[in-house]
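Take a look at the structure below.
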Amino acid sequence: PNVCAVQKLIGTNRKYFTNCKQWYQRKICGKSTVISYECCPGYEKVPGEKGCPAALPLSNIYETLGVVGSATTQLYSDRSNLRPEIEGPGSFTIFAPSNEAWASLSAETLDSLVSNVNIELLNALRYHMVNKRVLTDDLKHGTTLNSMYQDLPIQIHHYPNHINALWLKKARLLKADHHATNGVVHVIDKVIATTTNSIQQIIETEDSLETLRAAVAASDLNSLLESEGQYTLLAPTNEAFEKIPQETLNRILGDPEALRDLLNHHILKSAMCAEAIIAGLTMETLEGTTLDVGCSGEELTLNGKPIIANKDVLATNGVVHFVNELLIPDSAKTLFELAQESEVSKSTDLFRQAGLSSHLTGSERVTLLAPVNDVFKDGLPIVDSNMKNLLLNHIVRDQLSSKYLYHGQKLQTLGDKELRVFVYRNNLCIENACIAAHDKRGRFGTLFSMDKMLTPPSGSVMDVLKADHRFSTLVAAIQSAGLTENLNRPGTFTVFAPTNEAFRAMPQGELNKLMGNAKELANILKFHVADEILVSGAVGALVRLKSMQGDKLEVSMKNNVIHINKEPVAESDIMATNGVIYAVNSVLQPQASRPQERGDEPADPALEIFKQASALSKVSQRNPRLAPVYSRLLARMKENSGGF
């Protein structure tokens, strides 16, 4: 009973009252910890008994300080003449710095306090006190308490870091709710100092923030950083601004919207002291973006990088951390900058070689459909006039967002082509290319990362088939079957197009018979066409399409190869204005037209009857009752075959 678990940082005196979820990690900022157990506040051990069954007798606050590990606070209370007050009647709360907290103060700070005990030290101690009893149940996130020194405020924070602790200023609550006859004692891990400057005032007085000061003034954020609230400013130093290419910096400083986004990206919506971070946290900025705030040993990290030069500069409305790198949000970047920093960097080389960089760096509202680097693993293609035209068709007019795209939507490119949007259960595609990653929305343009080079359509299905010598036999068959008009009209077709090789693979007699029967030919050809567009990026394990003939087509992916009715496809995603074409090296057969299990036996009803008759003849020899059945089967067989 009355035993509390604490997580201790190995090699230090630091303790964390954690929950079970944190125990399994056994890490604080990457450093190893051990779980130990101690008596909960107000209880002590009894020899020979389990736990901490004995309740400690209550005494006044002064006596309690000596019991809970804050003897230095007790000593300074005596020296500053605070002792009579915290021994006498009343109801107080004192946030008492631990012995280690006092020892960690700089010699200069400590000397200034103890050299003037009746004023400086007394005021410092009274700033740690509240003139009423306040238990941890009363310390809600965002609570402000008036201290007993000039009613200066003390802010309370809870942080989402799986640590069961409260924070005031940048001090962590170590041991809470030690009851006394005249109040309550909470032990904290730091001596808290009075704060009179707002975040804006810190910016104005700090020489290393001169460039930031000018940027804040230009973006009219002064009033926000002076206002009441609790913010965290990740303040870029002059050095951080100097690391940015001058052209980029001038562009952002000269663009009020980009500048405001940049600064808001450095302001967190809540006050976050460095000590509160023991593992990775995702924090939301005023810009609406998120930053990964973490720690590695004693260093605070942003997005995994130890770029914080000076931490925990307290303000009346939050806390300031000085950072030596500028955090530029996507919303302040050009398309070229977005692409260079992502998995489509090789695409930017292509656009640069084609002389199209101005579309990626200017103020034109566009969307870039950029193939990912894996597309170019065998090297970049040669940039000629055809490639330049193709790249122009990878730039869509207007700044889009993928979440607003819809099936059948038409997009206009800078190359004056019209691209279609296809929405599938497992993918979002534009023509033959599908979006491979989340959008990156820049200042004027949006980046879509695509899984392949895009192929704009260049004519109807019939136009594409006629232009490709591989399909000359198919084109003749379509014309013979009277289906030309169907495949020329507007529509949404998926055509599994047999190549000349597919027709040559058919037995000559069967091919001649098929080509000479327009009705049967039309039936076979319709089985190769579905009335909906299915690009390869939408094919998962199995997709079923209804053919125009009526039977189902089964499209599947195996070893990164598309299969149609288990037959491999020779080429995928040949785009047309009214559909998509897949080249196949076999002629697909509807279920009713497929040969039976033995390829040398025709689907003849007489043969089926003969099979049944043969089986029954043997049985009838053993069973006289089956003889009439056998006789009737023989008669039916003669009717169908005209006799033997």
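The values are calculated or read from the model by the stated rules, or taken from the named source; none is laboratory data. Quantities reported herein were computed from a predicted structural model and do not represent experimental measurements. As a convention, Cβ positions derive from the backbone with ideal geometry for all residues, glycine included, and neighbour counts pool all protein chains shown. Just so you know, the surface numbers come from the protein's heavy atoms only, side chains and all, with ligands and any DNA or RNA stripped out. Shrake-Rupley method; radii C 1.70, N 1.55, O 1.52, S 1.80 Å.
Brief remarks on what is shown
- Mean Cα-pair separation over length for region 461-584, i.e. relative contact order, pairs under 8 Å, 6 or more apart, %: 28
- Crossing angle, helix 627-641 versus the chain [Cα axis fit, 0-90 degrees, rounded to tens]: 80
- Average Cα contact separation per residue, the chain, under 8 Å, 6 or more apart, as relative contact order %: 7
- Derived scalar couplings ³J(HN,Hα) [region 175-185; Karplus, 6.51 cos²θ - 1.76 cosθ + 1.60; whole Hz; x for Gly, Pro]: 10, 10, 6, 7, 6, 9, 5, 10, x, 8, 10
- Residues whose amide H comes within less than 5 Å of that of SER296, counting only those at least five positions distant or on another chain, are THR301 (H built at 1.01 Å from N in the peptide plane).
- Whole-Hz couplings from phi, Karplus 6.51/-1.76/1.60, listed for region 359-366; x for Gly and Pro: 6, 9, 10, x, 9, 6, 7, 9
- Percent accessible area from carbon and sulfur atoms, the chain, protein chains only, probe 1.4 Å: 49
- Neighbourhood net charge (12 Å Cβ-Cβ; Lys/Arg +1, Asp/Glu -1) for ASP439: +2
- With 28 Å as the limit, the listed pairs LYS243/LYS269; LYS305/LYS452; LYS45/LYS170; LYS190/LYS269; LYS269/LYS410; LYS513/LYS566 have LYS305/LYS452; LYS45/LYS170; LYS269/LYS410 beyond it between alpha carbons.
- Normalised per residue, the accessible area of the chain is 49 Å², obtained with a 1.4 Å probe and no contribution from ligands, DNA or RNA.
- Were the residues from LYS140 through THR109 laid out at 0.36 nm apart, the gain over their Cα-Cα distance would be 8.1 nm.
- Amide H contacts under 5 Å for THR316: ASN197, SER198, ILE199, restricted to partners 5 or more places along the chain or on a different chain, H placed in the peptide plane at 1.01 Å from N.
- Only the Cβ atoms of Lys and Arg (+1) and of Asp and Glu (-1) were treated as charged; on that basis the dipole of the chain about its Cα centre amounts to roughly 3200 debye.
- Region 416-490 and region 362-391: distance between their alpha carbon centers, rounded to Å: 18
- Scattering curve values for region 461-584, log₁₀ I(q)/I(0), Debye with Cα scatterers, q = 0.17 Å⁻¹: -0.84
- Here's how it looks for ARG441: its modeled amide H is under 5 Å from those of LEU447, which are all 5 or more places away or on a different chain.
- Sparse-neighbourhood loop sites, chymotrypsin sites (Phe, Trp or Tyr not before Pro) in region 362-447 - DSSP loop, at most 10 other Cβ within 10 angstrom: TYR406
- With a cut-off of 12 Å between beta carbons, the residues surrounding LEU225 carry a summed charge of -3, where Lys and Arg count +1 and Asp and Glu -1.
- Separation of alpha-carbon centers, region 86-116 and region 166-205, rounded to whole Å: 12
- Across region 315-326, computed HN-Hα scalar couplings (Karplus, 6.51 cos²θ - 1.76 cosθ + 1.60, θ = phi - 60°) run 10, 5, 10, x, 9, 10, 10, 7, 10, 9, 9, 7 Hz from first to last residue, x flagging Gly and Pro.
- Gyration tensor verdict on region 41-115 (Cα atoms; rounded if a/c is under 1.5, prolate if a/b is larger than b/c, oblate otherwise): oblate
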